[in-house]
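The values are calculated or read from the model by the stated rules, or taken from the named source; none is laboratory data. Just so it is clear, the model here is predicted, and its values are computed rather than measured. Cβ placement follows ideal geometry from the backbone for every residue including glycine, while neighbour counts extend to all protein chains displayed. When the accessible area is computed, the model is the full protein with side chains, heavy atoms only, and any ligands, DNA or RNA have been set aside. Shrake-Rupley method; radii C 1.70, N 1.55, O 1.52, S 1.80 Å.
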Amino acid sequence: MTATGIYVHLPFCPYICPYCDFAKWPHKGTAAARYLGALHAEIDTFSPSIPQHDKYGTVFLGGGTPNTYGVDDIAQLLAHLRERFPGPRDRETTIEVNPELVRAQDLAAYRDAGVTRVSIGVQSFVPEEIRTLGRKHTIADVERVVRGARAAGIRSVSIDLIFAVPGQTAQSWLHSLQTAIDMGVDHISTYGLTIEAGTPYERWHEREPQAFFDDAREAEVYDIAIRTLENAGLEQYEISNFARPGHRSEHNANYWANGEYVGLGVGAASYLGGVRSVHTRDLETYISAAFEGREIPRESEELEGAKRAGEAVMLSLRTSQGVSLQGFKERYGVDFMEFYASVVERYRDDGLLEVDATHARLTRRGRFVANDVCAAFVTFA
């Protein structure tokens with residue numbers, strides 16, 4: 001079992017990207033300050049309610065855009081988390097940033113506050129695609145942040161990229177990948193664009209569906225990512241994530257191992273004691289409850305039996321290691337090969353799943369239809 005991860009949601013953004021459906025709001029100073037106070041209150045209220053031990057591992061500041069807050073706010077937040085959720089001094093601590101907001105002195109201040117990993121929201125290095133995605137950075141902004149992180153001694157630098165963007169070509173996608181590689185970053189995440197309900201992109205898709213990629217074109221650019229990044233020496237250790245040796249995301253690896261994690265902030269998810277819960281996405285409801293010391297309104301679901309096992313399979317199959325047959329049996333009391341025999345046989349015959357003496361994992365072909373294969377295990381009963 002991996003250590004309990006801590007996720008903190010900082011929901012304010014300098015602008016709202018048209019494809020994003022996360023819990024987020026345009027940045028306003030007063031609202032952001034009130035929210036930060038509520039977050040500190042939740043940390044004080046929540047931390048005594050779970051067992052205190054030395055197993056609190058990674059910390060991840062996500063959003064939103066966490067670096068809409070100043071470095072002093074971030075440093076105080078991380079210090080409070082260390083106090084209430086003690087763990088290893090050198091634990092992986094990640095902050096997501098928009099590159100155009102990062103000032104020269106910020107990265108050294110992040111390092112001094114305990115940040116070991118910076119995840120840069122780039123999405124594309126092609127100006128036309130950057131505009132289509134509603135982003136505001138330039139390539140020079142990203143180069144400046146990567147150089148600054150290196151100079152500050154931050155252990156790992158990661159870049160996020162999106163494929164299947166309207167107007168993207170195989171050549172423009174390859175350009176973004178190669179630019180990230182040439183910058184010498186340690187980790188690259190590649191995500192296929194999804195059309196989320198209630199976003200401007202959903203309305204665009206309804207008006208002009210032909211502007212968006214079909215499954216075949218999306219598979220083509222995903223294949224380009226796999227081949228290009230692996231040829232550059234990055235390992236595809238998860239469906240969407242590629243890393244140089246020693247630079248995997250430990251925080252996300254805990255998710256994929258079906259490990260426990262605490263979610264703090266509006267819209268944040270937790271998984272503790274077999275119960276998955278998600279905080280309210282109503283900002284004022286969250287702030288009021290936190291300041292009053294009440295339990296944050298949330299939706300909860302207890303995962304038991306076949307449902308818990310199925311979710312574990314889904315998460316494990318996203319990784320290059322796959323499902324450990326012995327580990328699965330020890331943790332869930334289920335013989336994977338016996339219980340899922342019909343599903344395993346179907347996808348193995350189709351060339352999408354491979355099984356050896358110790359593990360079951362997706363084949364290279366299987367990675368392209370991972371959602372379909374994983375769903376079969378989740379719904380199996």
For the range 163-270: Kirkwood Rh in Å [reciprocal of mean 1/r, alpha carbons]: 15.9
task: Heads up, I need the accessible area for Trp25: 1.4 angstrom probe, whole protein in place, Å², nearest 10.
output: 70
field: Spin-label pair Ile16/Asp112, simplified geometry with 7 Å Cα→Cβ offset, distance in nm
entry: 3.6
query: Toward the positive end of the charge dipole of the chain, about the Cα centre and with charges on Cβ (Lys, Arg +1; Asp, Glu -1), which of Leu317, Ser172, Phe336 goes farthest?
result: Ser172
statement: Once phi for every residue in the range 257-272 is put through the Karplus expression 6.51 cos²θ - 1.76 cosθ + 1.60 (θ = phi - 60°), the whole-Hz ³J(HN,Hα) values, with Gly and Pro written as x, are 7, 6, x, 7, 8, 10, x, 10, x, 4, x, 7, 9, 10, 9, 9
- request: Using amide H atoms built 1.01 Å from N in the peptide plane, name the residues 5+ places from Tyr191, or on other chains, whose amide H lies under 5 Å from its own.
  value: Leu161, Ile162, Phe163
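Find the Cα radius of gyration of the chain, compare it with 2.2 N^0.38 Å by division, and give the number to two decimals.
On the way: Rg = 20.9 Å, N = 381, 2.2 N^0.38 = 21.0 Å.
Scaled against compact globular proteins, the figure is 0.99.
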- request: Would you work out the charge dipole size for the chain about its Cα centre, treating the Cβ of every Lys and Arg as +1 and the Cβ of every Asp and Glu as -1, and quote it to the nearest 20 debye?
  value: 760
query: Rg and Dmax of the range 226-381 over Cα atoms: what are they, in angstrom?
result: 18.1, 57
field: No Cys partner within the rule (Cβ under 4.7 Å), the chain
entry: Cys13, Cys374
- request: Using only the alpha carbons of the range 215-264, determine the length spanned along each of the three principal axes and report them from longest to shortest in whole angstroms.
  value: 37, 28, 17
query: Using a 1.4 angstrom probe and counting only protein chains, how large is the accessible area of Lys307 in Å², to 10?
result: 90
field: Kirkwood Rh and Cα Rg combined as Rg/Rh, the range 208-300
entry: 1.15
- prompt: P(r) for the range 262-343: what percent of alpha-carbon pairs falls in each 5 Å bin, starting at zero?
  reply: 3, 13, 19, 17, 13, 10, 9, 8, 5, 2, 0
- prompt: Among Tyr332, Tyr19, Tyr237, which one shows the biggest mean-square fluctuation in a GNM of the chain, springs joining Cα atoms closer than 10 Å?
  reply: Tyr332
query: What residue among Ala3, Gln326, Ala268 has its Cα farthest toward the positive end of the dipole of the chain, where the charges are +1 on Lys, Arg and -1 on Asp, Glu, each on the Cβ?
result: Ala3
query: Anyone know which of Arg135, Arg298, Arg318 comes out most mobile in the 10 Å Cα GNM of the chain?
result: Arg298
- prompt: Thr280: net charge of surrounding residues, Cβ under 9 Å, Lys/Arg +1, Asp/Glu -1, itself excluded?
  reply: 0
query: Given R₀ = 45 Å, FRET efficiency for Arg89-Ala341 by Cβ-Cβ distance, to 0.05?
result: 0.45
Per-q log10 I(q)/I(0), the range 8-109, q = 0.23 Å⁻¹ (Debye; single scatterer per alpha-carbon; no solvent): -1.34
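Report the gain in length on full extension from Gln76 to Asp214: 0.36 nm times residue separation, minus Cα-Cα distance, nm rounded to one decimal. Spell out each step's value before the answer.
Numbers: separation 138, 0.36 × 138 = 49.68 nm, distance 4.56 nm.
Stretched out fully, the Gln76 to Asp214 stretch lengthens by 45.1 nm.
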- prompt: How much of the accessible area of the chain, probe 1.4 Å, is carbon plus sulfur, in whole percent?
  reply: 50
- request: Sticking to Cα atoms, compute the Rg of the range 308-381 to one decimal and its Dmax as the biggest Cα-Cα distance, whole number, in Å.
  value: 10.8, 30
message: Give me the count of lysine pairs in the chain whose alpha carbons sit under 27 angstrom apart, restricted to pairs 8 or more positions apart or on different chains.
response: 5
- request: Compare Phe242, Phe339, Phe291 in a GNM of the chain, Cα atoms joined below 10 Å, and give the one with the largest fluctuation.
  value: Phe339
